[in-house]
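Participant: Mind looking over this structure? Questions follow.
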Amino acid sequence: MDYKRRARILLIDDNADHLRGVKELVSMDGKYEVVGTTTSANIGIGLIKKYRPDLVLMDMNMPEKDGLAAMTDVEKLELGTKVIALSAYDDADLIFRAMKLGACGYIIKTMASAQLIHAMDEVTAGKIYLPTALTSRFFEHFQRSFKEDTAATSAENLLNYLTAREEEVLDLLTNGNNYKGIAGKLFISETTVKTHVNNIFQKLTTEHKRCFMRLITGLRTNARPLHKPRLQYEKMNDELLFQQARCIAHELRNHLSICDLYTQILSRRFGDAGIDDKAVTEALGCIKKSVKVMDNCLLDLKSIGSINPSRCELNRVVGESVLMAQVYKPDAAVLFDAQGQIHTDENKLCACLINIIKNAFEAGATQVEITARPDKITVSNNGAPIENPDKIFAQDFTTKPSGSGLGLFICKKNLEAQGAKLYVAGPNTFEIIPGQ
């Protein structure tokens, strides 16, 4: 019998329903003991002093004191307690700030049921955890430091601590490759890739943590764009509308996360009890799919109002779009070849690609192919031909028996506001020409 002590966990989240769901999911895993829960950051600090947990799962958005301020308090206690940040936001700035304050992991709430236990396993083993998409984004910003005169020397000093293989992995990460892609290109396993990424994190945040975090937190404001935007964005720059949409998206993501957590708990409970009910399994599967679809809709909601262009890797943005779009037709094949960088609002580009892929699925496509380069993005499929190319972007046009054509209409308008073009290039083909 293994008498190894279970890791002690403390949970801090102002949403009581989400807190209960996380507690239930963590408690079902025999490796962990939940020693306390609270909806208050201030009370949470007191519980950390009392219980001295090995790990704290902490919400980043709380009313009386946010997670970043609470993490500062945790650091001052000098108890060696590790923190995983939980958030409904995937903003790069928030991720960087959390890591700067000592977070060992960062999880988007709607991904929590699938990633939580794995993240806890990694962090309690002394590693750092970020989902693949966030890892690529994190290092993408780091690479920009080489183009800044004030940061280049520090960045080069940091790389002196990396092995040749770690430099290869870092280079592929910053060019938008995921773990599977890196493994294929370097002829190693995904597990080995993850080990290299963790080693990079450890070196960059242990040997030169202050320098490194100073670099990455300044990259979003200091990095130079590939070119100047051609158009002014006054019509889209309604900051109040943008902030309102962001708040709504945050609240919806919280509740979607709760649904996701409890479907996972029910699935585990039925499995543990040996219950094999096809109808229940199908019902839970439908709920999980609906959660993913609604999470995709949040991408449209959070991009309302403002246009926020930045330099981004096509391979990463297209890859993320494909993953989110495949929820609409999991058995379809979506193939892509994406290379280079473009200057665009990546949320709006991602939402546009998802809508185009979804449109292909609605036309009966079983295969979609995407070729993306800085000067053109082409999306083709093997579904029914586009019968009304002149009308498909009209506000009231739809290919479905019910609903509206607002999806492609809004995508086209969002791209045009950035100087880009979206049009039908063939019977089964859409093309996007990025702005100059």
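The values are calculated or read from the model by the stated rules, or taken from the named source; none is laboratory data. Keep in mind it's a predicted model, so treat the numbers as computed, not measured. Don't worry about glycine lacking a Cβ; one is built from the backbone with ideal geometry, like all the others, and counts go over all protein chains shown.
Participant: For the subset of the stretch 91-109 comprising residues that are within 24 Å of Leu25 (Cα to Cα) and either among the basic types (Lys, Arg) or surrounded by fewer than 22 Cβ atoms within 10 Å (Cβ to Cβ) (or both), which member is modelled with the highest pLDDT?
Facilitator: Among those residues, the one meeting the criterion is Ile108.
Participant: Can you tell which of Asp260, Asp238 is at pLDDT 75 or above, out of contact with any Asp or Glu (no Cβ under 7 Å at 6 or more places or on another chain) and charged (D, E, K, R)?
Facilitator: From the options Asp260, Asp238, the qualifying one is Asp260.
Participant: Output the residues belonging to the stretch 53-78 that are touching a residue at least 12 places away in the same chain (Cβ under 8 Å) and either among the basic types (Lys, Arg) or in a strand (DSSP E or B) (or both).
Facilitator: Correct list: Leu55, Val56, Leu57, Met58, Asp59, Lys65.
Participant: Within the stretch 53-74, restricting attention to residues that are more than 24 Å from the chain's Cα centre (by Cα) and at pLDDT below 90, which residue is surrounded by the most Cβ atoms within 10 Å (Cβ to Cβ)?
Facilitator: Top of the filtered list is Lys65.
Participant: Let me ask something additional. Where residues in the stretch 321-340 are modelled with pLDDT of 90 or more and among the β-branched types (Val, Ile, Thr), which of them is surrounded by the fewest Cβ atoms within 10 Å (Cβ to Cβ)?
Facilitator: Across the stretch 321-340, the extreme among qualifying residues is Val322.
Participant: What residue, among those in the stretch 1-52 that are in a helix (DSSP H, G or I) and among the hydroxyl-bearing types (Ser, Thr, Tyr), is nearest to His255 (Cα to Cα)?
Facilitator: Pass one, the stretch 1-52, residues in a helix (DSSP H, G or I): 16-27, 41-51.
Filter again for among the hydroxyl-bearing types (Ser, Thr, Tyr), leaving 27, 51.
On the way: Ser27: 21, Tyr51: 29 Å.
Looking at residues that are in a helix (DSSP H, G or I) and among the hydroxyl-bearing types (Ser, Thr, Tyr), I get Ser27.
Participant: Taking Ile275, is it among the β-branched types (Val, Ile, Thr) and assigned to a loop (DSSP other than H, G, I, E, B)?
Facilitator: Yes.
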